[in-house]
Structure formats: C-alpha cells, structure tokens
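As structure tokens, the structure follows; a few thoughts come after it.
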Amino acid sequence: MIGLCLGLAGSVWATLPVTEFTLAWQHTVEKVRWEEDYRITPQGLELREARVRGSGAGMDIPDGAVLRDGAWHFRRRLPPLNPLRLGRTPEAGDYQLCNNGRCRELAEWLGPPDADQPMVELWACEDRHTAPL
C-alpha cells in the first residue's frame, strides 16, 4: 500500500497511511494561511489545488484564481513531486498535515522545528511502518 514518508535524503523518519492530504502553513511575513492539496500516486505527490487567504510579499495571486469562501483557489500544472522539500525552522513555525478534517503539526512525528535540521522531505513510499494521522 502506498503512503506518505517524511524524512530527508531517503532516510524515513515517519510513514503515514494516507492517499491524500493537505499541507498547510502560515506565511512568515504576511501571516496568511496557505494550503495545498496533494494526492499520493506511485509517481509522487500530485498537487491538486492550492488556496491562499490573501496576497502580499511573495504571494502573488496567479491568473485564473477564483475567490471563494475567503480564499483564492487555483491549480498549478506541475509534474508529480517526489520528493517535496520543505524548509522548517523555529523562526518560521511548523507545517500542518491535514487529512479527514484533522490537522496536526509535523512536530507530532518529527519533533519541533530545529535550526540544526532546517529541512524535511515528503515523498510517496510503500506504507510499511505507519504512524497514525
């Protein structure tokens, strides 16, 4: 069964038994929530839709975005990502992984963001040793 691996350079720190998830975070400058919906496929993480609740520094709303329920919704045509690299530092706060209406900080699986380990990767992998989401 396919799942979501979290780790770095192929070293698995946690495996989650999901086939889709939302990655969410707060923009460090504008303090605006950003969300991206992914589906996990054998080819990688397929970005389905993104939402942002405002614009500002480094957050230009793409052409074709639609304002709905207080957020700009848009789609980007990208090949599946495998891995998806995330910068993760104490100053920036943590990412959330959401699934089935429940959101949890990456810290629940990986510990708090650490300046000595400022990156994490997410990728599609075989779901062997799973942690609940």
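Which of the residues belonging to the stretch 69-109 are charged (D, E, K, R) and within 15 Å of A14 (Cβ to Cβ)? Break it down into steps so the answer makes sense when it comes.
Start the filter on the stretch 69-109 by keeping residues that are charged (D, E, K, R), which leaves 69, 75-77, 85, 88, 91, 94, 102, 104-105, 108.
Within the stretch 69-109, R88, D94, R104, E105, E108 qualify.
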I'm checking my understanding of the structure. Among residues of the stretch 105-124 that are over 13 Å from the mean Cα position of the chain (by Cα) and among the charged types (D, E, K, R), which one is surrounded by the fewest Cβ atoms within 10 Å (Cβ to Cβ)? D116
If we scan the stretch 61-80, do we find a residue that is assigned to a strand (DSSP E or B), under 22 Å from I2 (Cβ atoms) and free of Cβ contacts under 8 Å to residues at least 60 places away in the same chain? no
Going through the stretch 26-42 one residue at a time, which ones are crowded, with 18+ Cβ neighbours inside 10 Å and out of contact with any Ser or Thr (no Cβ under 8 Å at 6 or more places or on another chain)? H27, W34
Single unsatisfied condition, C98 versus (1) in a loop (DSSP other than H, G, I, E, B); (2) surrounded by 11 or more Cβ atoms within 10 Å (Cβ to Cβ): (1)
Restricting attention to the stretch 7-23, report how many residues are modelled with pLDDT under 95, assigned to a strand (DSSP E or B) and either more than 26 Å from G111 (Cβ to Cβ) or of a type in the set (A, V, I, L, M) (or both). 4
Could you give every pair whose Cβ atoms fall below 9 Å, whose first residue belongs to the stretch 16-42 and is free of Cβ contacts under 8 Å to residues at least 24 places away in the same chain and more than 26 Å from S55 (Cβ to Cβ), and whose second residue is surrounded by 18 or more Cβ atoms within 10 Å (Cβ to Cβ) and among the small types (G, A, S), counting only separations of at least 6 or pairs across chains? T19/G3
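Give the number of residues within the stretch 85-95 that are in a strand (DSSP E or B) and either surrounded by 15 or more Cβ atoms within 10 Å (Cβ to Cβ) or touching a residue at least 40 places away in the same chain (Cβ under 8 Å) (or both).
Of all residues in the stretch 85-95, those in a strand (DSSP E or B) come to 85-87.
Keeping just the survivors that are either surrounded by 15 or more Cβ atoms within 10 Å (Cβ to Cβ) or touching a residue at least 40 places away in the same chain (Cβ under 8 Å) (or both) gives 86.
The qualifying residues number 1.
The values are calculated or read from the model by the stated rules, or taken from the named source; none is laboratory data. Being a predicted model, the structure only gives us computed values, none of them experimental. Positions of Cβ are generated from backbone atoms using ideal geometry, with glycine treated the same way; all protein chains shown enter the neighbour counts.
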